[in-house]
Amino acid sequence: MKKITISHIEKLKAQGEKFSCLTAYDATFTEVISDAGVDMILVGDSLGNVIQGQETTVPVTLEDMEYHIACVANASPNCLILGDLPYMSYSTPEQAYETAAAVMQAGANMVKFEGGQWLYDTITGLTERGIPVCAHLGLTPQSVDALGGFKVQGRDDKTASKILTDAKALEKAGARMLVLECVPSDLAKLVTESLQIPVMGIGAGVDVDGQVLVLHDMLGISPFQAKFTRNFMADAKGSIQDAITLYHNEVKEQNFPADEHRFE
Ligand code: KIV
């Protein structure tokens with residue numbers, strides 16, 4: 001199997017084929033995910049929740065990200081490795097260049113960070129410097145305190161229109177991919193159809209280009225099961241490898257997410 005690149009993911013969008021992504025934070029799970037044929041691995045700052053036991057992603061540091069990205073990259077997966085930039089590590093373009101360089105040198109193939117149009121110059125600058133960027137809109141967990149909790153975003157006309165405007169601006173700035181988290185499925189569909197770049201959803205319905213889930217959620221070992229996740233481990237009768245393969249196949253065949261996982 002060849003290493004998956006951003007060009008491959010772009011080709012899948014052009015062909016109307018879905019792609020799959022899971023979070024991972026260590027070498028062992030990375031090998032299982034890669035063997036299952038999953039297209040992308042996100043070393044997310046969700047490691048603050050599922051690895052460190054923190055309530056939010058705010059305490060996660062750049063050192064934490066570098067360590068876990070290196071653990072994943074050391075397993076040499078075929079999957080494209082996407083690495084999160086942690087809280088307040090990309091407040092200015094210059095700070096973002098340094099943080100992104102550290103994340104890429106740890107082994108990521110692409111960086112992801114949260115926010116709207118204020119990131120325009122940062123994304124353009126990183127793109128000009130040869131670093132592919134994935135933007136992240138909707139529920140942005142690093143802003144949980146400003147958002148007033150982990151809530152579905154874009155439910156009214158004003159916030160929906162802001163998400164669409166932000167998405168178009170971030171694509172124009174040079175973003176190569178967009179994550180949409182916890183937004184109504186109709187809005188996710190509209191954003192996906194309005195952009196050329198691949199859109200990856202979590203809690204965004206089936207009409208996006210790809211899906212991402214937190215590994216511990218889809219294995220059913222997180223303490224709380226959100227509406228938008230599915231316990232694939234239960235369906236795979238307790239085999240981790242089968243659960244991850246099932247997830248990949250269900251995403252490709254558009255059986256996941258189902259109606260019960262989407263927001264209105
Ligand atoms: O950190 C993470 O795992 C994420 C996903 C929830 C998209 O950003």
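The values are calculated or read from the model by the stated rules, or taken from the named source; none is laboratory data. As the structure is a prediction and not an experimental result, all values here were calculated from the model. Please note: Cβ atoms are built from the backbone with ideal geometry, for glycine as well, and neighbour counts cover all protein chains shown. Heavy atoms of the whole protein, side chains included, go into the accessibility calculation; ligands, DNA and RNA do not. Shrake-Rupley method; radii C 1.70, N 1.55, O 1.52, S 1.80 Å.
From the list Ala204, Ala226, pick out the single residue that is open to solvent by less than 60 Å² (accessible area, probe 1.4 Å), among the small types (Gly, Ala, Ser), within 19 Å of Val50 (Cβ to Cβ) and within 17 Å of the chain's Cα centre (by Cα).
The match here is Ala226.
Looking at segment 245-264 only, could you name the residues that are more than 17 Å from Phe19 (Cβ to Cβ), touching a residue at least 12 places away in the same chain (Cβ under 8 Å) and either open to solvent by 50 Å² or more (accessible area, probe 1.4 Å) or touching a His at 6+ places or on another chain (Cβ under 7 Å) (or both)?
Glu260, Arg262, Glu264
What's the number of the only condition in (1) within 13 Å of the ligand (Cβ to nearest atom); (2) without any contact (Cβ under 8 Å) to a residue 40 or more places away in the chain; (3) out of contact with any Leu (no Cβ under 7 Å at 6 or more places or on another chain); (4) among the aliphatic types (A, V, I, L, M) that Val179 fails to meet?
The one condition Val179 does not meet is (2).
Do you know which residues across segment 163-185 are part of a helix (DSSP H, G or I), surrounded by 15 or more Cβ atoms within 10 Å (Cβ to Cβ) and not small (Gly, Ala, Ser)?
Once the filter is applied, which keeps residues that are part of a helix (DSSP H, G or I), surrounded by 15 or more Cβ atoms within 10 Å (Cβ to Cβ) and not small (Gly, Ala, Ser), segment 163-185 yields Ile163, Leu164, Asp166, Leu170, Glu171.
Regarding Asp242, is this residue open to solvent by 70 Å² or more (accessible area, probe 1.4 Å) and on the phi < 0 side of the Ramachandran plot? Give the steps one after another, and end with the answer.
Working: open to solvent by 70 Å² or more (accessible area, probe 1.4 Å): yes; on the phi < 0 side of the Ramachandran plot: yes.
Yes, satisfied.
I'd like the full set of residues that are without any contact (Cβ under 8 Å) to a residue 12 or more places away in the chain and not aromatic (Phe, Trp, Tyr), limited to segment 113-140. Let's see the steps before the verdict.
If we filter segment 113-140 for residues that are without any contact (Cβ under 8 Å) to a residue 12 or more places away in the chain, which is where we start, we get 118, 130.
The answer is Gly130, and nothing else.
Take Gly130 and decide whether it is over 18 Å from Ser91 (Cα atoms), of a type in the set (Gly, Ala, Ser) and at pLDDT 95 or above.
It is true that Gly130 is over 18 Å from Ser91 (Cα atoms), of a type in the set (Gly, Ala, Ser) and at pLDDT 95 or above.
Yes/no per residue for (1) under 22 Å from Ile9 (Cβ atoms); (2) in contact with a strand residue (DSSP E or B) (Cβ under 8 Å, 6 or more places away or on another chain); (3) more than 16 Å from the ligand (Cβ to nearest atom); (4) of a type in the set (A, V, I, L, M, F, W, C):
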residue	(1), (2), (3), (4)
Lys151	no, no, no, no
Lys158	no, no, yes, no
Leu170	yes, yes, no, yes
Ala188	yes, yes, no, yes
Gln196	yes, no, yes, no
Gly203	yes, yes, no, no
Val208	yes, yes, no, yes
Gln211	yes, yes, no, no
Phe224	no, no, no, yes
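In the set Thr140, Thr127, Thr122, which member is open to solvent by less than 10 Å² (accessible area, probe 1.4 Å) and under 20 Å from the mean Cα position of the chain (by Cα)?
Only one candidate passes the filter, namely Thr122.
Report yes if Gly116 is open to solvent by less than 50 Å² (accessible area, probe 1.4 Å), in contact with a Gly (Cβ under 8 Å, 6 or more places away or on another chain) and within 24 Å of Ala204 (Cβ to Cβ), otherwise no.
no
Run Thr165 past the list (1) within 23 Å of Ala14 (Cα to Cα); (2) within 15 Å of the ligand (Cβ to nearest atom) and report the number of the one that doesn't hold.
That leaves (2) as the condition not met.
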